[in-house]
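The values are calculated or read from the model by the stated rules, or taken from the named source; none is laboratory data. Bear in mind that the values here come from a model prediction, so they are computed numbers and not experimental data. Using ideal geometry, Cβ is built from the backbone for each residue, glycine included, and neighbour counts are taken over all protein chains shown.
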There are 2 protein chains.
Amino acid sequence: MSNTHTEHFVPAGWEQEIASRIDAIAQALTHMGADAALLADNIDLYYTSGRVFNGFTYITAQGQVHYYVRRPLGYENEPCVTYVHKPELIPGHLERLPHKLAMMADTMPQAQWARLRRAFDSAEAVDGSAAMRQLRAVKSGMEQQLLRESARRHVSVYKQVPTLYRSGMTDLELEIEIERQARLAGSTGLVRCHGDAMEMFMGSLLAGDNADEPSPYDFAMGGAGINLSQPVGANGSIIKLHTTIMVDMGMNYGGYMTDMTRTYAVGNVPDIAKKAHQLSVDINHRLAREGRHGVEARELYATALEMTQEAGLADYFMGHRQHAGFVGHGIGLETNEAPVLAPRSRDVLHTGQVIAIEPKYVLPGIGAVGIENTYIVQPHCLECITTMPEELHEMGKPY
Amino acid sequence: MSNTHTEHFVPAGWEQEIASRIDAIAQALTHMGADAALLADNIDLYYTSGRVFNGFTYITAQGQVHYYVRRPLGYENEPCVTYVHKPELIPGHLERLPHKLAMMADTMPQAQWARLRRAFDSAEAVDGSAAMRQLRAVKSGMEQQLLRESARRHVSVYKQVPTLYRSGMTDLELEIEIERQARLAGSTGLVRCHGDAMEMFMGSLLAGDNADEPSPYDFAMGGAGINLSQPVGANGSIIKLHTTIMVDMGMNYGGYMTDMTRTYAVGNVPDIAKKAHQLSVDINHRLAREGRHGVEARELYATALEMTQEAGLADYFMGHRQHAGFVGHGIGLETNEAPVLAPRSRDVLHTGQVIAIEPKYVLPGIGAVGIENTYIVQPHCLECITTMPEELHEMGKPY
């Protein structure tokens, strides 16, 4: 697992992958009538080069790519790299200045946007965020391999969860042991989220009634957290008998994240918990059969809601005191990518997209129940890559 | 440590603190000729309310504050809170529309900035980032208390470092054990950074030659990391005899972070390592004596560089293959606040600012050495709050 300085700026083995991503971006630029894109966000830099660097990726509608780099040093002889200590120097290096320049308005701070507009003062600036989001949602074979490896490691971590538990533990203490296992299994720990208001540590573990604490974040579940500086997830309370523990911790490999939730029962729990948990499993299975290339994301949400209503559990669906407005989401380099499985989503599933489906129920006095899997959209179904037992598992009992 | 839903939107005990912050912001607005500020970033929301929420803080130059909230639910009866599901509804709730509205161009994405400008279409939008950064740099008594508590816990974690080490461990395995201790000591884990290109997990542990790997981030030190998706810090290599291990892991309490570095020697290390480490200690002590209210930040940098040059160690100062351009930085809600101790910094130290000073040396074939402490700027000195032994400590030997 030891990583050292690589010889080429685009890492060995990534050349073809990057070339094909650049081609797709060039086509999108042509489609939007832009001459070039200037990318600055860490996610976009990684996506277009195979590494996070400090600087900019410049891509033309003709499919040329060049990296304007501030750091790291060490790539001075690479033909695709020019070192610049400020973006104002980039136009001087270009053969032809763009007339219409795409930048990412969703992520680029206003101050940087304004500065780059001045640096490219002859160009009209247009927002390429939506196009980039759609492109990035569809994962290549190589990306799918990285996601499968993340899923494999994710499963290996979760298989240890029941035996990490000790009677009298707090939710936070259990979460910390799972975090440690995820790190030992190769997670970098960082969970990248789209949107400034979103932030997450390594995931969320919700025990008992803390699952019903409303949170400010647009995640599926809440939780009070240990502090109002970061009010989400475990809150440090002791895990009680006859409650449930929902484990929704992230994993990543090569920058690609998988999402998976499993729920554990501490001793006996009321029948409604078993029923709601089984409903979540059933919804996952049904959406995996019905989801495929060409299906509207909102149809999948509607099916999940309908099955929930038929079971009489709508009051607990995606929260109780506060409800989340979706039942699934794309995932990859960020934990909340396209498509979104929500009532008014306009997304249509496409082969190669990767989505997490998480129908969950919050039951007052008991806790949260349900599962979440990560799926690859295939032509005729959704393929689950987080394969492990889905039942409401008895905490303490090994898998 | 258990956290649950609090009754009031501004948490109990924070009322006076928040009121005085709002007053200071109102004064800054008056000074810049703005009628109001609209804040949207999680850090600014926490700073102006005592909680992270999804929504906006609206502050007038007359010192009135109101929170426009989307989530969490539960504060419907609070007089200072209005629920809005989109920002376009805010102007309809205002008695008087602003003519000049300050927003934070440093952090607000262009798309949101443009949307808010349309929502407040009669107002001129101005950038309040620099003023806010200056305000936030000076910590109140309450903030200093939170920082002192973070420092106390930080020290308790570091005291365990030497005994977490096992021969044959990788740098990453040691880092993971320290992360676990920091979490058990109450860290939320999240390290908030200013600037889109910056991101960090829980900190950095650099063993041996990995310290000399250039990183893209604007941190004091580099490291290859385990993957090019996040190329910084530990790289998974086995810790070797006769090398150094630099531990620079973050800690936080109540949202406030402290910074501290200590260095450990694995077996005997060459004299140059001991000399460079002692120089870092000496620089810290001298800057703590010479730093005070009114001193220019760049003077402190100049002193550190001068002492380094006199010792003949300039080649190794703040890196070797790649050098960082500063020797210290403000810290608080973010890990990189004002002031910056750099050659061309215009910052002047002010009583109540909190800064981390980290003169470090990267020695090829050995590793990184040096220490970092967090200090509160006092009228006549810098007060160290991360007080614990500073010498190059023998790894494995308890404190």
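Residue-by-condition table, conditions (1) more than 14 Å from chain A (Cβ to nearest Cβ); (2) farther than 30 Å from B:TYR46 by Cβ:
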| residue | (1), (2) |
| --- | --- |
| B:VAL247 | yes, no |
| B:MET251 | no, no |
| B:THR261 | yes, no |
| B:ALA265 | yes, yes |
| B:LYS274 | yes, yes |
| B:GLU290 | yes, yes |
| B:HIS293 | yes, no |
| B:GLU299 | yes, yes |
| B:VAL340 | yes, no |
Could you tell me whether the stretch A:332-340 includes any residue that is touching a strand residue (DSSP E or B) at 6+ places or on another chain (Cβ under 6 Å), closer than 17 Å to A:VAL138 by Cα, hydroxyl-bearing (Ser, Thr, Tyr) and touching a residue at least 60 places away in the same chain (Cβ under 8 Å)? yes
What number of residues within the stretch B:149-169 satisfy the criterion of being touching a residue at least 60 places away in the same chain (Cβ under 8 Å), in contact with a helix residue (DSSP H, G or I) (Cβ under 7 Å, 6 or more places away or on another chain) and not in a loop (DSSP other than H, G, I, E, B)? 2
In this structure, is A:LEU146 touching a strand residue (DSSP E or B) at 6+ places or on another chain (Cβ under 9 Å), buried (at least 18 other Cβ atoms within 10 Å of the Cβ), not charged (D, E, K, R) and not in a loop (DSSP other than H, G, I, E, B)? yes
Using the structure shown, decide if B:GLU88 is of a type in the set (Asp, Glu) and in contact with a strand residue (DSSP E or B) (Cβ under 8 Å, 6 or more places away or on another chain). no
Out of all the residues in the stretch A:247-254, is one or more at pLDDT 95 or above, small (Gly, Ala, Ser), out of contact with any Leu (no Cβ under 6 Å at 6 or more places or on another chain) and under 30 Å from B:ASN235 (Cβ atoms)? yes
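Could you say whether any residue in the stretch B:119-138 is within 20 Å of B:PRO379 (Cβ to Cβ), among the hydrophobic types (A, V, I, L, M, F, W, C) and in contact with a strand residue (DSSP E or B) (Cβ under 9 Å, 6 or more places away or on another chain)? Full working, then the answer.
Of the residues in the stretch B:119-138, the ones within 20 Å of B:PRO379 (Cβ to Cβ) are B:134-135, B:137-138.
Still in the running and among the hydrophobic types (A, V, I, L, M, F, W, C): B:135, B:137-138.
Subsequent filtering for residues that are in contact with a strand residue (DSSP E or B) (Cβ under 9 Å, 6 or more places away or on another chain) retains B:137-138.
Yes: the stretch B:119-138 contains one or more residues that are within 20 Å of B:PRO379 (Cβ to Cβ), among the hydrophobic types (A, V, I, L, M, F, W, C) and in contact with a strand residue (DSSP E or B) (Cβ under 9 Å, 6 or more places away or on another chain).
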State the number of residues belonging to the stretch A:218-230 that are surrounded by fewer than 24 Cβ atoms within 10 Å (Cβ to Cβ), touching a residue at least 60 places away in the same chain (Cβ under 8 Å) and either touching a Lys or Arg at 6+ places or on another chain (Cβ under 6 Å) or more than 9 Å from every other protein chain (Cβ to nearest Cβ) (or both). 1
Over the stretch B:86-107, the set of residues outside any helix (DSSP H, G or I) and crowded, with 16+ Cβ neighbours inside 10 Å is B:PRO98, B:LEU101, B:ALA102, B:MET103, B:MET104, B:ALA105, B:ASP106, B:THR107
If you check B:ALA137, B:ALA123, B:ALA130, which single one turns out to be among the hydrophobic types (A, V, I, L, M, F, W, C) and surrounded by fewer than 16 Cβ atoms within 10 Å (Cβ to Cβ)? B:ALA130
With the structure loaded, tell me whether A:PRO109 is in the same structural domain as A:THR30 (by TED's automatic domain parsing), more than 27 Å from the chain's Cα centre (by Cα), within 30 Å of B:ALA125 (Cα to Cα) and without any contact (Cβ under 8 Å) to a residue 40 or more places away in the chain or whether it fails that test. no
Residue selected from the stretch B:36-64 under the condition within 12 Å of chain A (Cβ to nearest Cβ), of a type in the set (Gly, Ala, Ser) and assigned to a loop (DSSP other than H, G, I, E, B), by the criterion surrounded by the most Cβ atoms within 10 Å (Cβ to Cβ): B:GLY50
Please tell me if A:ALA288 is part of a strand (DSSP E or B) and touching a residue at least 60 places away in the same chain (Cβ under 8 Å). no
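Taking the residues in the stretch A:189-199 that are within 10 Å of chain B (Cβ to nearest Cβ) and farther than 14 Å from B:ASN54 by Cβ as candidates, determine which candidate is farthest from the chain's Cα centre (by Cα). Even if it seems obvious, please write down each step before you answer.
Initially, the stretch A:189-199 is screened for residues within 10 Å of chain B (Cβ to nearest Cβ), giving A:189-192, A:195-199.
This time we only want the ones that are farther than 14 Å from B:ASN54 by Cβ, so: A:189-192.
Details: A:GLY189: 13, A:LEU190: 11, A:VAL191: 8, A:ARG192: 7 Å.
The selected residue is A:GLY189.
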So the check is Cβ under 6 Å with 6+ separation or different chains; which pairs have a first residue in the stretch A:174-189 that's in a helix (DSSP H, G or I) and a second one that's aromatic (Phe, Trp, Tyr)? A:LEU174/A:TYR165
Collect the residues in the stretch B:173-187 that are within 11 Å of chain A (Cβ to nearest Cβ) and surrounded by 22 or more Cβ atoms within 10 Å (Cβ to Cβ), keeping them in residue-number order. B:GLU175, B:ILE176, B:GLU179, B:ALA182, B:ARG183, B:SER187
Taking the stretch A:70-85 and keeping residues touching a residue at least 12 places away in the same chain (Cβ under 8 Å) and either more than 14 Å from chain B (Cβ to nearest Cβ) or assigned to a loop (DSSP other than H, G, I, E, B) (or both) leaves A:PRO72, A:GLY74, A:TYR75, A:GLU78, A:CYS80, A:THR82, A:VAL84, A:HIS85
Residue that is surrounded by the most Cβ atoms within 10 Å (Cβ to Cβ), among those in the stretch B:200-217 that are over 24 Å from A:MET257 (Cα atoms) and at the interface with another protein chain (Cβ under 7 Å from one of its Cβ atoms): B:GLU213
So A:ALA125 fits all but one of (1) within 30 Å of B:ALA102 (Cα to Cα); (2) in a helix (DSSP H, G or I); what number is the exception? (2)
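Is it fair to say B:MET307 is modelled with pLDDT of 95 or more and assigned to a strand (DSSP E or B)?
no
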Conditions (1) hydrophobic (A, V, I, L, M, F, W, C); (2) under 30 Å from B:ILE239 (Cα atoms); (3) surrounded by 15 or more Cβ atoms within 10 Å (Cβ to Cβ) -> A:ALA12 fails only (3)
How many residues does the stretch A:355-374 hold that are touching a helix residue (DSSP H, G or I) at 6+ places or on another chain (Cβ under 6 Å) and either farther than 30 Å from A:PRO270 by Cβ or aliphatic (A, V, I, L, M) (or both)? 7
From A:GLY55, A:GLY74, grab the single residue that is at positive phi and within 25 Å of the chain's Cα centre (by Cα). A:GLY55
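Name the residue that is nearest to the other protein chains (Cβ to nearest Cβ), counting only residues in the stretch A:348-359 that are surrounded by fewer than 20 Cβ atoms within 10 Å (Cβ to Cβ) and touching a residue at least 60 places away in the same chain (Cβ under 8 Å).
A:GLY352
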Kindly evaluate B:TYR67 against the criterion of being of a type outside the set (A, V, I, L, M), within 20 Å of B:VAL52 (Cβ to Cβ) and outside any loop (DSSP other than H, G, I, E, B). yes
Residues (of a type in the set (Ser, Thr, Tyr) and more than 14 Å from chain A (Cβ to nearest Cβ)) located in the stretch B:115-138: B:SER122
Scan the stretch A:289-335 for residues that are surrounded by fewer than 22 Cβ atoms within 10 Å (Cβ to Cβ), among the polar types (S, T, N, Q) and within 21 Å of A:CYS384 (Cβ to Cβ) and jot them down. A:THR303
